[in-house]
Amino acid sequence: QVQLVESGGGLVQAGGSLRLSCAASGRTFSNYAMGWFRQAPGNEREFVAAISWGSKRTGYSDSVKGRFTISRDNAKKPVSLQMNSLKPMDTAVYYCASPTKPYHLANMDNRDNYDYWGQGTQVTVSS
């Protein structure tokens with residue numbers, strides 16, 4: 001079946017960095033946008049970043065602009081997220097995700113437009 005598997009999470013101090021990766025199997029992801037979301041306890045899953053498939057344009061939530069960078073890799077490792085200057089507010093489970101339709105990037109901040117989700121990787125930032 002289709003699988004997305006995140007890795008790279010962990011425990012870091014405020015100001016530190018982590019790089020999250022997403023491994024994929026079961027389908028090609030090269031024709032679709034990819035996104036990262038995060039969810040803290042008691043909160044809804046919120047948009048973090050997305051990248052288009054063609055032009056590789058990117059979009060970010062206001063809370064991570066200037067600190068996080070999303071990038072595409074290949075069919076087996078379709079998306080990564082470099083996180084710098086981490087803050088305690090970034091603590092959450094991070095998920096990579098993919099739609100089944102080729103949405104425009106502007107639509108990819110909406111979690112309802114994603115169909116495939118990884119199991120998540122925990123990021124904890126201590127103060």
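Things to note:
- Accessible-area value, I70, 1.4 Å probe, nucleic acids and ligands omitted, Å²: 10
- The mean accessible area for residues of the chain, using a 1.4 Å probe and ignoring ligands and nucleic acids, is 51 Å² per residue.
- Net charge in the neighbourhood of S98 (other residues with Cβ under 11 Å of its Cβ; Lys, Arg +1, Asp, Glu -1) is +1.
- Nearby lysines by direct alpha-carbon distance to K87 (threshold 21 angstrom, same-chain neighbours under 8 apart not counted): K65
- Accessible surface ranking that places the most exposed of D112, D90 first, with a 1.4 angstrom probe: D112, D90
- Amide H within-cut-off set for G120, under 5 Å, with H built and near neighbours excluded: E6, C96
- Under 14 Å, Cβ to Cβ, from G66 - net charge with Lys/Arg +1 and Asp/Glu -1: +1
- Measuring spread by the Cα atoms of the chain yields a radius of gyration and Dmax of 13.4, 40 Å.
- Carbon + sulfur, % of accessible area of the stretch 31-126 - ligands and nucleic acids excluded, 1.4 Å: 45
- Under the convention that each Lys and Arg Cβ holds +1 and each Asp and Glu Cβ holds -1, the size of the dipole of the stretch 1-73 around its Cα centre is about 220 debye.
- Cβ-derived FRET efficiency at R0 25 Å, D112 paired with A40, nearest 0.05: 0.85
The values are calculated or read from the model by the stated rules, or taken from the named source; none is laboratory data. Since the structure is predicted, the reported quantities are computational estimates derived from the model, not experimental observations. In this analysis, Cβ positions are derived from the backbone assuming ideal geometry, glycine residues included, and neighbour counts consider all displayed protein chains. When the accessible area is computed, the model is the full protein with side chains, heavy atoms only, and any ligands, DNA or RNA have been set aside. Shrake-Rupley method; radii C 1.70, N 1.55, O 1.52, S 1.80 Å.
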